[in-house]
């Protein structure tokens, strides 16, 4: 829970270096879920909950290490263009060309919660999107509003340095 609070605080103020040194992410057990829906021309929220027994709630799940998303070259090009332009129409030449020539899969970017559809285009969901090409050639994308993306890239480069 502290991790969540610190992350929210990092959106508003500069956090100490010790916050960035830890790339672990605590696991949470959501009890309440919601989803935006539209029915009969009305927009709203659908809520549902999970029944979780006491034993499951008391189990300590080990934290996982934060990592950016690994993307394809076509997805990387779209994310990079979105970082520059802010919004791309679905008939943008880049999206059209990539869809035809490189099998662009926008659904994967929606599933990663990196982009959303808005009007006739797509927009970023991240506060501060960063795209990086790692020395190994792997293409990664992530939110760097808390500085985690930068910390992860630096750690990975140092880890692989001779």
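Rule-based calculations on the coordinates, nothing more; no lab input. Everything quoted here is computed from the prediction, not taken from an experiment. Neighbour counts are summed over all protein chains in view; Cβ atoms, including those assigned to glycine, are modelled from backbone coordinates with ideal geometry.
The protection proxy used here, the mean number of other Cβ atoms lying within 10 Å of each residue, ranks peptides 31-41, 138-148, 85-95 as follows, highest first: 138-148, 85-95, 31-41.
Working from label points 7 Å from Cα in the Cα-to-Cβ sense, the residue 39 to residue 127 distance is 3.4 nm. In this entry, segment 69-160 is assigned a mean projected area of 5.8 nm², taken as a quarter of its C-alpha convex hull surface. Projecting label points 7 angstrom from Cα along Cα→Cβ for residue 85 and residue 54 puts them 5.7 nm apart. Summary of the geometry: segment 81-123 and segment 137-158, compared by the centres of their Cα atoms, lie 22 Å apart. Label zone (residue 120, point 7 Å along Cα-to-C-beta; backbone nitrogen cut-off 17 Å) within segment 70-111: 87-97.
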